[in-house]
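Written out below as structure tokens is the structure these notes cover.
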Amino acid sequence: MSKNRIKMINLAALFAAIIAVCAQLSFTVGPVPFTLQVFAICLTGLLLGSRWGSVSVLVYLILGAIGVPVFAGFQSGLQTIFGKTGGYLLAFLPAVFVIGLIVEKGRIAVWKAFLANLLGLVIIYALGTIQLKFMLNLPWSKAIAFGIIPFLIPDVIKIAIASSLGVILLNRLASAGFLPERNLQKKPSGLAFPDGSDQTSTVASKL
């Protein structure tokens with residue numbers, strides 16, 4: 001097994017633990033608890049990418065399913081996953097995959113990370129609200145009022161912070177060798193002409 005693979009396995013386990021910790025930083029807002037899990041999912045997707053981010057979330061869900069109290073309020077079990085708020089938990093997997101997939105394409109920037117996280121949030125809201133509606137037999141208006149509206153502004157703030165912090169951490173951790181380089185932002189070595197040539201070296205050559 002390669003060193004890089006071992007490193008990513010350890011990081012996947014670490015982020016599964018981070019998601020579990022963020023689940024406990026919660027308070028109840030109606031039938032759906034307010035937690036920091038969205039923040040954790042966004043960071044997981046940005047830093048680990050689609051493959052290892054999905055592994056991390058899958059580990060978290062499996063631990064909860066077999067009885068480890070890692071869900072919000074120290075809950076666990078299949079009854080939580082298939083209960084009124086289980087749609088949000090199940091949505092973490094496609095959300096983190098999509099976030100990771102988007103940031104893996106092309107150069108990484110804060111605006112791109114924010115859009116990826118915003119799409120991940122839409123996935124979480126969609127699947128979570130659908131399960132909430134059918135499990136509690138709510139009309140759509142009430143499902144949206146309980147499952148989206150109270151969390152919208154705080155979640156947008158959380159993904160904005162996660163996007164900025166995630167890009168900074170990704171660049172620094174990759175530069176330090178803790179993460180594989182994935183189209184990192186690079187500072188130009190000198191001033192550049194429109195054609196992409198280095199103005200600094202051109203001027204120096206004429207002196």
*Mind checking which pairs have a first residue in the stretch 140-152 that is free of Cβ contacts under 8 Å to residues at least 12 places away in the same chain and a second that is surrounded by fewer than 16 Cβ atoms within 10 Å (Cβ to Cβ), Cβ under 9 Å, 6 or more apart or different chains?*
142/136; 145/30
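Yes or no, residue by residue, for (1) under 24 Å from residue 51 (Cα atoms); (2) in a helix (DSSP H, G or I); (3) at pLDDT below 90:
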{"position": "128", "(1), (2), (3)": "yes, yes, no"}
{"position": "132", "(1), (2), (3)": "no, yes, no"}
{"position": "161", "(1), (2), (3)": "yes, yes, no"}
{"position": "169", "(1), (2), (3)": "yes, yes, no"}
{"position": "185", "(1), (2), (3)": "yes, no, yes"}
*Limited to the stretch 132-163, what total is found for residues that are surrounded by 18 or more Cβ atoms within 10 Å (Cβ to Cβ) and within 24 Å of residue 44 (Cα to Cα)?*
8
*Filter the stretch 11-62 down to residues that are hydroxyl-bearing (Ser, Thr, Tyr), surrounded by fewer than 19 Cβ atoms within 10 Å (Cβ to Cβ) and part of a helix (DSSP H, G or I), then give me how many there are.*
1
*How many residues, within the stretch 103-139, are of a type outside the set (Lys, Arg), closer than 23 Å to residue 153 by Cβ and under 18 Å from the mean Cα position of the chain (by Cα)?*
18
*Given the conditions (1) surrounded by fewer than 23 Cβ atoms within 10 Å (Cβ to Cβ); (2) touching a Ser or Thr at 6+ places or on another chain (Cβ under 9 Å), which single one is not true for residue 116?*
(1)
*Being in contact with a Lys or Arg (Cβ under 7 Å, 6 or more places away or on another chain), buried (at least 16 other Cβ atoms within 10 Å of the Cβ), in contact (Cβ under 8 Å) with a residue 12 or more places away in the chain and among the β-branched types (Val, Ile, Thr) narrows it down to one of 98, 103, so name that one.*
103
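The values are calculated or read from the model by the stated rules, or taken from the named source; none is laboratory data. Given the structure is predicted, the values throughout are model-derived calculations rather than measurements. A quick note on method: Cβ atoms are made from the backbone with ideal geometry, for glycine too, and the neighbour counts reach across all protein chains shown.
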